[in-house]
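Right, one structure below, let's go through it.
The values are calculated or read from the model by the stated rules, or taken from the named source; none is laboratory data. Owing to the predicted nature of the structure, the values given are computational and were not obtained by experimental measurement. So basically every Cβ, Gly included, is an ideal-geometry build from the backbone, and we count neighbours across all protein chains shown. Quick note on the areas: whole protein, heavy atoms, side chains included, nothing else; ligands and nucleic acids left out. Shrake-Rupley method; radii C 1.70, N 1.55, O 1.52, S 1.80 Å.
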Amino acid sequence: MNGGLGYRRNWRSNRGLFLFVTLMACAILIIGSRIGLLTPIEDSVAVPINALSAILNRVALRLNASAGDLAQIQALQRRNAELEEALAQFQAELVELREIASDYQRLADLLDYTSTTLNMEFVIAEVIALDQNAIFRTITINRGTRDGIAVGMPVVTRQGLVGRVIQVSATAAHVMLITETTSSVSGRLQTTRAEGSVFGAPNGNLVMGMIPLDAQAREGDLVVTSGLGGNFPADLVIGQVTSVRPAENGLSQEAQIRSLINFDTLEFVLVVTNFQPVDLSVFDQVGRN
Amino acid sequence: MRTLVGVLLLGLAAALGSTFMPQIRVFGGMPDLVLLLVLSLAVFHPLERAVTWALIGGIFQDGLSITPLGASSVGLVLMVFFIDWVRGQVFGVGLLTLLGVTMIGTAAQKVILLLISALVGFPIRPLETAMYVILPTIVYNVIFLFPVYWFTRRLSRERARHPERLTRP
């Protein structure tokens, strides 16, 4: 008992030193992690916690879906009426689009051009966690280097673009969502082909900025990736324009975009494994030289 | 409370923080269970043990984030030392004091994390993060502190019954 009290007094008398040593340990961890020395430790920490997260995430999504179902019954009834009306309109448009598609196919054959999206190879991954720190909008998926996942690979779902892989371990990967405020995707309005840059707003929505003032952007326009910059393949769906307004600088337009994806309830995603992002850093070096 | 139990609780809190908590996200803010658990544990346990939990809790958080290992631990460790310092200044750290420490601690932990993220090369947006992440997280943490504090107080009753366990190195 006396030894124990002495032990406690010892720590208390050296509190400053104790704090210094602890912070140094943190600094060593951070540096080791950044230069890759701690990758095996990070992997071994991640494996059990990712496994637990995967189980809890399934439960959370089921609960969320059940709660959402109850709350949305009334909304669904209203939406159903709207959709029936829209369906009649879209059926007419479908006939027209089928004609255009067959024309496109013929032209594409003639030009020997194949859309990159048709040649994509995917790895299906389960979303096992969302970013713990809330500062960054990222998700963790249960596929890593063992499954052929590499940094830079685009991540999609049937509803459109989700983000891109930014960190990979042997069995898991972190994906930066397109709703992250520091993310930027080159986008294009499908109808007018106007280019812009899609980034995440702080409230979690998507915004397409840098749209030229003379370009027509309307509510309901579909936004797809343009492929400019080489980070994403072209023609992946990003979302739909919900409103347009002039940008604060007055030099361009800004469109609010609604993604078809609910990024907080993602269950499965597809990683595009045969797309290689273009490394433009070489041009920076040439410019500096 | 044994260290292993604390470690398991922190692992569970980290996993809940990346699965259940994002479902109730307001803007970018959500309850930080690991921070709340570490702060509450620090009230009822000696400094050296609380520091261990702060280090491990931070490592669990970073395991589920893109931040480098140890980045989240810095803020947690500093907050644990702050609680220890407060304990030395006043008669005891109660729920009200802890409420204040939680508000300061949440902001401090996120700011420290932002600084470390910027230092290691992650792009950050400080003002937007303050508005849309830190403020909602503070509100959430204040609400969630009550159940977490109640839970850790119950656990600490074992400590009161078996004080000799704490003196084990």
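Of all residues in region B:26-54, count the ones that are without any contact (Cβ under 8 Å) to a residue 40 or more places away in the chain and within 7 Å of another protein chain (Cβ to nearest Cβ).
Residues of region B:26-54 that are without any contact (Cβ under 8 Å) to a residue 40 or more places away in the chain, as a first pass: B:47-48, B:50-51, B:54.
Next cut, within 7 Å of another protein chain (Cβ to nearest Cβ) only: B:47-48, B:51.
Looking only at that region, the number is 3.
Can you report the number of residues in region B:63-81 which are in a helix (DSSP H, G or I) and free of Cβ contacts under 8 Å to residues at least 24 places away in the same chain? First the steps, then the outcome.
Step one: of region B:63-81, the residues in a helix (DSSP H, G or I) are B:63, B:71-81.
Narrowing further to those that are free of Cβ contacts under 8 Å to residues at least 24 places away in the same chain: B:73.
Here the count works out to 1.
Residues in region B:1-40 that are open to solvent by 10 Å² or more (accessible area, probe 1.4 Å), over 28 Å from residue A:263 (Cβ atoms) and assigned to a helix (DSSP H, G or I): B:3, B:4, B:5, B:7, B:8, B:9. Pairs are defined by a Cβ separation below 8 Å, a sequence spacing of at least 6 or placement on different chains, a first member in region A:143-171 that is more than 14 Å from every other protein chain (Cβ to nearest Cβ), and a second member that is outside any strand (DSSP E or B) and of a type in the set (Lys, Arg); the pairs so defined are A:149/A:143. Among the residues of region A:16-57, write down those that are over 13 Å from residue B:11 (Cβ atoms), crowded, with 17+ Cβ neighbours inside 10 Å and more than 7 Å from chain B (Cβ to nearest Cβ). Once the filter is applied, which keeps residues that are over 13 Å from residue B:11 (Cβ atoms), crowded, with 17+ Cβ neighbours inside 10 Å and more than 7 Å from chain B (Cβ to nearest Cβ), region A:16-57 yields A:18, A:32, A:54. For region B:88-144, the set of residues classified as open to solvent by less than 50 Å² (accessible area, probe 1.4 Å), within 14 Å of another protein chain (Cβ to nearest Cβ) and not in a helix (DSSP H, G or I) consists of B:120, B:122, listed by residue number.
Each row is one residue, and each column tells you yes or no for (1) free of Cβ contacts under 8 Å to residues at least 12 places away in the same chain; (2) out of contact with any helix residue (DSSP H, G or I) (no Cβ under 6 Å at 6 or more places or on another chain); (3) farther than 30 Å from residue A:268 by Cβ.
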| residue | (1), (2), (3) |
| --- | --- |
| A:24 | yes, yes, yes |
| A:31 | yes, yes, yes |
| A:35 | yes, yes, yes |
| A:39 | no, yes, no |
| A:46 | no, no, no |
| A:75 | yes, yes, no |
| A:80 | yes, yes, no |
| A:83 | yes, yes, no |
| A:88 | yes, yes, yes |
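There is at least one residue in region B:70-80 that is closer than 25 Å to residue A:169 by Cα, open to solvent by 10 Å² or more (accessible area, probe 1.4 Å) and at the interface with chain A (Cβ under 7 Å from one of its Cβ atoms).
Of all residues in region A:190-205, one or more are within 27 Å of residue A:143 (Cα to Cα), free of Cβ contacts under 8 Å to residues at least 24 places away in the same chain and hydrophobic (A, V, I, L, M, F, W, C).
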